[in-house]
1. List the aspartates and glutamates whose alpha-carbon lies under 13 Å from that of LYS87, not counting same-chain residues fewer than 8 positions away?
2. With an 8 Å Cα cut-off and a minimum separation of 6 or more residues, compute the relative contact order for the chain in percent.
3. Pairwise over distinct Cα atoms, reciprocal of the mean inverse distance: report the Kirkwood radius of segment 178-219 in Å, one decimal place.
4. Can you tell me the orientation of helix 331-342 relative to the chain, as the angle in degrees between its alpha-carbon axis and the longest Cα principal axis, to the nearest 10?
5. What do you get for the angle between helix 129-138 and the principal long axis of the chain? Use alpha-carbon atoms, 0 to 90 degrees, nearest ten.
6. Of the listed pairs LYS9/LYS168; LYS6/LYS59; LYS105/LYS193; LYS3/LYS59; LYS3/LYS140; LYS140/LYS341, which have alpha-carbon separations greater than 21 Å here?
7. Using modelled backbone amide H atoms (1.01 Å from N, in-plane), which distant-in-sequence or interchain residues come within less than 5 Å of GLY98's amide H?
8. May I ask you to derive the relative contact order of segment 244-348, considering only C-alpha pairs under 8 Å and at least 6 residues apart, and to give it as an integer percent?
Amino acid sequence: MSKQTKVFKVTPNNLSKIIRECAEIIQRGGTVAIPTETVYGLAANALDPIAVNRIFHAKGRPADNPLIVHVASIEQLEQLVSEIPPKALSLIEIFWPGPLTLILKRTRIVPDITTGGLNTVAVRMPADIIAQELIRSSGKPLAAPSANISGRPSPTTAFHVLHDLEGKIDAVIDAGNTCIGVESTVIDMSGEKPAVLRPGYISATQIEEVIGEVEIGYSDHVTETEGVVRSPGMKYTHYSPSATVLLLEGSHDLVLDKIREMYADFTCRGARVGLLVTSSDLFSLTNDMVYLGRKDEPEEVARNLFLGLRSLDERGVNIILADGSFTHEGVGAAVMNRLRKASEMIIKV
């Protein structure tokens, strides 16, 4: 039986009231979709196994896929982890609050369901003021994976959340579009050498400037093999719309030429083709096109990525031709990671 999902639309005058009401929902063991600076997250009390199970149930998320716990203070962090290595402290000083998740050894207070049965916990301190205030007001650290059906593109608006989860969650706080658009960087600080397990807005290069060399412990391809899932995004299909995504990688001009060629070919065969591109030159081809932004502006591309995938899905396209010719530096690496995992095929041109 579905429940009624309450929508709280944020205005300058009602934020305190919304935070109070949503904190009560959290304290009762409910689920609230919340904005963060990265994407919308589906939040529940991270220390309540029943509440956390409601996240998994609503999303259809595999039980071995660990959740990220969101905190609003170092004091909360210290309750969740058994130690904070010096390098982790250095990263916290520079990047928190912000889009960086640290994997640390956990204490017994954190239930197994939250960590996927691991002896570590993934934690971050969000920069978004609404997320921070809800954590403080509820008095609970919040488990908050992306507020979408598992495997779908992550939500960057409340509309996306409701499209996937209306009737499955208690509430959503609608505060407009998120400002970054891709999930946080995840770095494992629990072992001998730090390892980036998921690329995000904060690049490995930025991290290395603070703590020295780090390992790259992720793949840009979906891995369905058996084994321990150390971080969200390391296993299972992610970020995929209903349409088939074909990702074209290469130099900008060659990619645009190949998109034109493939668009004509698929259209002749009766397919409805959508374009996800970094050039406005292709507007003449079709109205089913999303302009991600300039190829040398990866922050703009990141903000529009999930929005674009969902927009093309809503238009009913069968195939999405995705332009992978933008810069792969900085957050561009995170965008490519998401696109590659969303794609049925990667075409080098």
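Rule-based calculations on the coordinates, nothing more; no lab input. The structure presented is a predicted model; accordingly, all values stated were derived computationally and were not measured. A quick note on method: Cβ atoms are made from the backbone with ideal geometry, for glycine too, and the neighbour counts reach across all protein chains shown.
1. LYS87 reaches ASP188, GLU192, GLU208, GLU209, GLU213.
2. Values: 807 pairs, mean separation 67.2, N = 349.
Rounded, it is 19 percent for the chain.
3. Details: mean 1/r = 0.0935 Å⁻¹.
Evaluated on segment 178-219, it is 10.7 Å.
4. 80 degrees
5. 30 degrees
6. Listed pairs above 21 Å: LYS3/LYS140; LYS140/LYS341.
7. MET125, ALA127
8. Details: 182 pairs, mean separation 44.5, N = 105.
Relative CO of segment 244-348 lands at 42 percent.
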